Amino acid sequence: MRRNFSRSELIAVGVIALLGLIVLPALNSAGLISNFAINLWGKYLCYAVLAISVDLLWGYTGLLSLGQALFFSLGGYMLGMHLMLMIGKLGQYKSDLPDFMVFLGYTSLPTFWQPFRSFLFAALMILAVPGLLSGVFGYLAFRSRIKGVYFSILTQALTYAGSLMFFRNDLLMGGNNGFTDFKLLLGLDLRTPGVQRGLFIATVALLLLVYLGCRWLTMTKFGLVQRAVRDSETRVLFSGYAAANYKLFIFVLAAIIASLGGALYVPQVGIINPSEMTPDKSLEAVVWCAVGGRGTLFGPVLGAISVNALKSWATRAYPDSWLIILGGLFILVVLFLPGGIASVPGLLARTMRRRKKSDEPIAAVPATAVSAATEA
Amino acid sequence: MATAAHAESPRETVAHAVVLTDNADEQRRLVSGLAGNSDPDIPRLLNLWKESGFFIATAPAGGWQGLAEGAKVAVTLGDDKDADDKQAASVLATGAPLRDPAGQPVRLVATDLDNADTDFDLRLAMKTVLDLAAVTAADPVQRRQVVEQIGLAQDPAKLPVLRERVKVETDAHVQQALRVAIALLELRSEDAATQIAATNTLGAVRALSARDALTTLARETETTRPQVARAAQAAGKAIETHLQVVNFFGTLFRGLSLASVLLVVAIGLAITFGLMGIINMAHGELIAIGAYTTYLVQNLFGNGMALSPFGWSFRLPGLNAGGWFYESYFLFALPLSFLSAALAGVLLERCVIRFLYRRPLESLLATWGVSLVLQQLLRSVFGANNVQVYSPSWLSGHWTVFDVLLGWNRVFVIAFAVAIIAGTWALLTKTPFGLLIRAVTQNRAMAACMGVRTERVNVLTFAFGSGLAGLAGAFLAQIGNVGPSLGQNYIVDSFMTVVVGGVGNLFGTVISALGIGVTDQGLQQILGNPVLGKILVLCAIILFLQWKPAGLFVTRSRNLEG
């Protein structure tokens, strides 16, 4: 793991920033890139943010959380509540209340919905709700030293409980259908290409910020301890570090990152419902991360984009066998390419080197994060 | 026309009554005379009469066989209408065809005949007879149902019918139902003393069905007859208490059966996850394979089935079995489900899991991939919709013990769970194979050094755990829907059960399944909402693990990482 940004990495990030923040939106407004494409890529990039949050936990700290979809959709729901109130009288029932509440027979807005009229409050809740939930859950889990697969199973149960709860109508979060049919955000019409373009730019900016932030974090001493926890938690404990606190911090941070991704996802996709919250969605995010390459930060981004692009194509071309493709891909990657796509160049370079100097002993390859995690 | 000097059959009596169109009193007397007769023909005949199924024919010049000219006879018409609208006529009294003097069957046109009408008084008399006929039905279960319905309808007009019947009833259950029904009818009485006596009867026998009637009575008589209201309230309270007891035991029983389902589902996982340490996310799909095997066996015993996987369709022929042989399909389905799931388990272990013994987190991911593939395969082969598995009749009845409903299938689940646990326990602790399993799971390296072929033991252990999942599937097919995502509904629950019980401990799994099952049903009963109960159980489990992070029963070791 490099301790500082290399020049090539900075150049790559700069190029992507230029492309995402300026060139693509400009081409879109010139009509060279369709609105559909911009919207689709905005979605992929939100997934990429989610994938980074999974990687921060799994690739860097060794915590396989199956709860990231819960935090992702919680962020979406928080912004969704604000968007639902912004529909105002434009809804089907021409009422100040969201349509589903009118349908359920409510005549006034429940108290906990009131403050969501303010965008600032909603934005605060996007950070606070997943942060608090992950904080409490993480505190309980790490305090009693639940780790490894037990942690995965527990987070899976948490997500399952969450989705069961949101499927209920009397939670007043839209039940089965969730929130949809949004109209306005900050007074701007969400259905215009210009606003969608703005959301795309915001997503690119968020992704870059998250990438650079996580990159910086993993380079610090904190990042070092984080990886040490992954490789041998017991040794970290014996060296006098409170491993639980490190894990808790990362868990909360990852939850907030996922939630931000979810908050940007909802206005672009235009719908949020409890099926986004199931343990399966969490596992899907883990697949992106594994396919792209965990233990690197660009791997998950690569994985999220490529798997979702594959999904978009395969669900149209082979609707019946899409799940077989995804499942098969996953089995193959886990069995034969534990480092994901990100490790392919390294593997190729190694084989090339081996061919060239087949008579010389091969220099010990530095243990990658992946193989170390594997042994743990 | 012969008078009814000899003892007539009900059929003759009805035929006799039908033609007496000008003597309504006599008609009524004859019909009422049928009351209390348990001949099964009576309800059919009277209903047919009410629905204008009888006609009155007058013999033409020359007469018919046995009938002089001008004599009236009750006939029924066949449904073989010919081109002239004529239908074959039969004499109602004998059921034989009506013949002319030459012996040829007579055909008549319905519109030429008089319809045998019924007036209001006659229909009332018929109804009384019919009610009584119903309470005298030969089948005690049917009799009891009728009596219970009469009781709930609270029509005081039926009181005499019931009072007649209660004197001769022999079946104890029906006798009880009759007394409750009579008391219910008496609640409508005008006489306060009768009402109080009736409420006391209802309270004394703890008649659950009388709860609403008593509440209504208490409300209606509150001001007019306070002592009746008081009696009704007291009886209502006694029944309420009884209901709580019944509900408690019902909940306990349902909790036990849910626990058994959880146990049956989780026991396979307790082997593969608990003992071997493999996180098999495809465990749910192994359950589904067992369930579909049951479905397949059922269809092979029946009419066969058509399958069309991947656009390639074929038909499996069936045995067309019927009766008890068809009903016994489940006994064949059980071992076959075990074998098919075990086979799938062997494939899974050989192709995927054996590479991942040292990487538990990754076995979770790879087996999730397997679960997706299997789900899609099941969907492609058997279709995306749920399929129907019929329970054999010996699994679909119920017993009622002190008002607690004990479904046979639930009783069977409990027995089945006990049998499986006992079998697994015996296998693990009493057989050489069990010894090998325990040796390999406790210390693989050491077992290998001692000459145990650990690879083979792994395969067999995993196959055994998978087979248990298949058995669970065969089982779930009897109590719920079978669909491609059947396993998904149970996977989270079963992992929870194993984790709470303490990994590597069968006994812990049993206790935790019991705890979770009974808590779940209890919360459902208290909250009246299944989903909320489930959420609370999940939260309770998370908190429970704070207290006992390694589950109920910890396998102690000196290993820090363990």
Residue within the stretch A:200-217 that is out of contact with any Ser or Thr (no Cβ under 8 Å at 6 or more places or on another chain), assigned to a helix (DSSP H, G or I) and of a type in the set (D, E, K, R) present: yes
Residue A:281 being away from chain B (no Cβ under 11 Å), among the charged types (D, E, K, R) and within 22 Å of residue A:155 (Cα to Cα): yes
Yes/no for residue A:89 being free of Cβ contacts under 8 Å to residues at least 24 places away in the same chain and over 18 Å from residue A:172 (Cβ atoms): yes
Unique residue being open to solvent by less than 50 Å² (accessible area, probe 1.4 Å), within 14 Å of chain B (Cβ to nearest Cβ) and touching a residue at least 12 places away in the same chain (Cβ under 8 Å) when the list is A:141, A:161: A:141
Residue that is nearest to the other protein chains (Cβ to nearest Cβ), among those in the stretch B:353-373 that are surrounded by fewer than 24 Cβ atoms within 10 Å (Cβ to Cβ) and either within 33 Å of the chain's Cα centre (by Cα) or more than 21 Å from residue A:150 (Cβ to Cβ) (or both): B:373
Some residue of the stretch A:118-137 being under 20 Å from residue B:531 (Cβ atoms), at the interface with chain B (Cβ under 7 Å from one of its Cβ atoms) and assigned to a helix (DSSP H, G or I): no
Output for the stretch A:177-199, where each listed residue is open to solvent by 20 Å² or more (accessible area, probe 1.4 Å) and either assigned to a helix (DSSP H, G or I) or within 22 Å of residue A:51 (Cβ to Cβ) (or both): A:177, A:193, A:194, A:195, A:196, A:197, A:198
Members of the stretch B:256-274 that are open to solvent by 40 Å² or more (accessible area, probe 1.4 Å) and touching a Leu at 6+ places or on another chain (Cβ under 9 Å): B:256
Test: residue B:395 is modelled with pLDDT of 80 or more and assigned by TED's automatic domain parsing to the domain that holds residue B:469: no
Matching entry among A:287, A:229 (being within 14 Å of chain B (Cβ to nearest Cβ) and touching a residue at least 60 places away in the same chain (Cβ under 8 Å)): A:229
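A quick yes/no check of all residues on (1) open to solvent by less than 70 Å² (accessible area, probe 1.4 Å); (2) within 44 Å of the chain's Cα centre (by Cα); (3) farther than 27 Å from residue B:282 by Cβ; (4) outside the structural domain of residue B:343 (by TED's automatic domain parsing):
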site: B:423; (1), (2), (3), (4): yes, yes, no, no
site: B:429; (1), (2), (3), (4): yes, yes, yes, no
site: B:432; (1), (2), (3), (4): no, yes, yes, no
site: B:439; (1), (2), (3), (4): yes, no, no, no
site: B:445; (1), (2), (3), (4): yes, no, yes, no
site: B:449; (1), (2), (3), (4): no, no, yes, no
site: B:461; (1), (2), (3), (4): yes, yes, no, no
Residue within the stretch B:494-504 that is out of contact with any Pro (no Cβ under 9 Å at 6 or more places or on another chain), on the phi > 0 side of the Ramachandran plot, away from every other protein chain (no Cβ under 12 Å) and not acidic (Asp, Glu) present: yes
Subset of the stretch A:113-127 that is free of Cβ contacts under 8 Å to residues at least 40 places away in the same chain and within 19 Å of residue A:172 (Cβ to Cβ) - its residue that is least open to solvent (accessible area, probe 1.4 Å): A:116
Within the stretch B:256-301, considering residues that are of a type in the set (S, T, N, Q) and part of a helix (DSSP H, G or I), the one modelled with the highest pLDDT: B:293
Matching residues in the stretch A:304-330 - criterion: being outside any helix (DSSP H, G or I) and in contact (Cβ under 8 Å) with a residue 40 or more places away in the chain: none
Enumeration of residues in the stretch B:234-255 that are crowded, with 17+ Cβ neighbours inside 10 Å and farther than 30 Å from residue B:515 by Cβ: B:235, B:236, B:238, B:239
Single unsatisfied condition, residue B:456 versus (1) within 14 Å of chain A (Cβ to nearest Cβ); (2) open to solvent by 30 Å² or more (accessible area, probe 1.4 Å); (3) modelled with pLDDT of 85 or more: (1)
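The values are calculated or read from the model by the stated rules, or taken from the named source; none is laboratory data. No experiment lies behind these values; they were computed from the predicted model shown. Heads up, the Cβs are rebuilt from the backbone with ideal geometry, glycines too, and the neighbour counts pull from every protein chain shown. Protein only, heavy atoms only, side chains kept; ligands, DNA and RNA dropped before computing areas. Shrake-Rupley method; radii C 1.70, N 1.55, O 1.52, S 1.80 Å.
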